Amino acid sequence: MKKERRSFIKKAGLGAAAIGAGIATSAVPVIAKEKKFRWKMVTTWPPHFPVLGEGADLFAKWCDEMSNGRLKITVYGGGELVPPLGVFDAVSQGTVEMGHGAAYYWAGKAPASQFFAAVPFGLDAQGMNAWILTGGGMKLWEEVYAPFNVKPLLGGNTGVQAGGWFNKEINSISDYKGLKMRIPGLGGKVVAKAGGNAVLVAGGEIYTNLDRGVIDATEWVGPYHDLKMGFYKAAKYYYWPGWHEPGTALEITVGKKAWDSLPKDLQAIVEAAAYRSNMWMLSEFESKNEAALEELVNKHHVKVKMFPESVLKELKKLSKEVLEELAAKDPMSKKVYEHFLKFKKSKNAWDALTEEQYQKFKHL
Ligand code: CA
């Protein structure tokens, strides 16, 4: 007993010594831990924009709460500090510490970025989460943004988007000939390949363009958002599904210098808040879309239509061509595309046994 007690005291003594040493050597980190960070986050959305802008606001609130006020982030809507499409440059150059948007907006700087937002006939929200968070996608995304000194974080997802608002029926692929549609990114390239005219129109101008017939069609997000945008007043048909954006991921970006200046615990808080933001945004869309769709159909008499299967098959063929052309032109896109395809093949095989089987019987 005595021996055991002595051994305990000895160990306890050692422990106390170790703690003492810890206090002595960690004096500087303790000061760093108390340091308050005041950051700016610029976004591609109008201020407090439903779901997307709200998600950015909540992200900042959660960082503040979790850090007990040590990390305060002021969120700016697009155009308040920098233009909506100036977000990536502002983060890259260190003008601001953080950004909020979607990776496909930066296709002109880094074509491979598009894979981390939306790929036509690509992965859905569940698939994007699996690929990016634990399937190896994040490592590639970091590689794509590294030359710009930007660190990406997954910050949200829209779920399957709507095919779009049309003033003309789509019965065959030839109906795309001459169709003027507001559709960005890879989806726009597919529409162009089908003979359409894919145009880019800023969010605030889409309604007027559609109403005045400057464009024949537009895609946006889904019922909850589209209802607020008022597209039902300017277009006859609401087409499904959003083959071009089957699960669009939103991003939170951090400048490298800003990220490196954060102590480890605040870095962990930023990552945790991004995870929460990702789940919140998808859940917000998924829980509110159906009620908005019912309002569009019952109150505003919107005609919901499905793209014919033959059209979707053609669009899928064209999508593959667009992706292969992108891979042939840009080595980084090729690297990401190959990884994405391999993952998708494996995910599709798993889905064939799980999601697909269950979907058939969920209405029983
Ligand atoms: Ca969209």
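The values are calculated or read from the model by the stated rules, or taken from the named source; none is laboratory data. Everything numeric here is computed off the predicted structure, so don't read it as measured data. Cβ atoms come from the backbone with ideal geometry, glycine included; neighbour counts cover every protein chain shown. The area values use the complete protein model at the heavy-atom level, side chains included, leaving out ligands, DNA and RNA. Shrake-Rupley method; radii C 1.70, N 1.55, O 1.52, S 1.80 Å.
Key figures for this structure:
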item: Candidate residues His244, His363: accessible-area rank, largest first, probe 1.4 Å; result: His363, His244
item: Restraint check, Lys320/Lys344; Lys189/Lys305; Lys193/Lys303, Cα-Cα greater than 18 Å; result: Lys189/Lys305; Lys193/Lys303
item: Most fluctuating residue given options Val150, Val304, Val254, as computed from a GNM of the chain linking Cα atoms under 10 Å; result: Val304
item: Potential lengthening between Gln357 and Lys233 on full extension [0.36 nm per residue; Cα-Cα distance subtracted]; result: 40.8 nm
item: Solvent-accessible area per residue, Å², over the chain with all protein chains present [probe radius 1.4 Å]; result: 50 Å²
item: Long-range HN-HN contacts of Val199 with modeled amide H, under 5 Å; result: Met181, Arg182, Ile183
item: Derived scalar couplings ³J(HN,Hα) [the stretch 232-240; Karplus, 6.51 cos²θ - 1.76 cosθ + 1.60; whole Hz; x for Gly, Pro]; result: 4, 7, 10, 9, 7, 10, 10, 8, 9
item: Of Pro308, Thr158, Gly55, farthest towards positive along the dipole that unit charges on Lys, Arg, Asp, Glu beta carbons give the chain; result: Gly55
item: Accessible area in the full protein assembly, largest first, 1.4 Å probe, for Met279, Met128; result: Met279, Met128
item: In Å², nearest 10: area of Phe343 left accessible to a 1.4 Å probe; result: 40 Å²
item: Whole-percent carbon and sulfur share, accessible surface of the chain, 1.4 Å; result: 58 percent
item: Nearby aspartates and glutamates by direct alpha-carbon distance to Lys168 (threshold 12 angstrom, same-chain neighbours under 8 apart not counted); result: Asp216
item: Farthest toward positive dipole pole in the stretch 108-203 [+1 Lys/Arg, -1 Asp/Glu at C-beta], among Leu140, Pro111, Gly195; result: Gly195
item: 5 angstrom amide H check on Thr248, placed H, neighbours 5+ away; result: Thr158, Gly159, Gln161
item: Which listed pairs, of Lys139/Lys257; Lys139/Lys329; Lys109/Lys264, have C-alpha distances above 25 Å, in listed order; result: Lys109/Lys264
item: Spin-label model distance (nm) - Asp124 vs Lys303, 7 Å beyond Cα toward Cβ; result: 2.8 nm
item: Charge tally in the Cβ shell below 12 Å around Leu318, where Lys, Arg are +1 and Asp, Glu are -1, Leu318 excluded; result: +2
item: Fraction of antiparallel bridges per DSSP, the chain only, in percent to nearest 5; result: 45 percent
item: Most mobile listed residue (Ala56, Ala249, Ala202) in the chain, GNM with C-alpha springs under 10 Å; result: Ala202
item: Cα centroid separation, the stretch 168-242 to the stretch 269-331 (Å); result: 14 Å
item: Computed FRET value (nearest 0.05) for Lys139 with Arg212, which takes r as the C-beta separation and R₀ as 51 Å; result: 0.65
item: Those GluC sites (Glu not before Pro) in the stretch 128-212 that DSSP places in a loop and that have at most 14 other beta carbons within 10 Å; result: Glu169
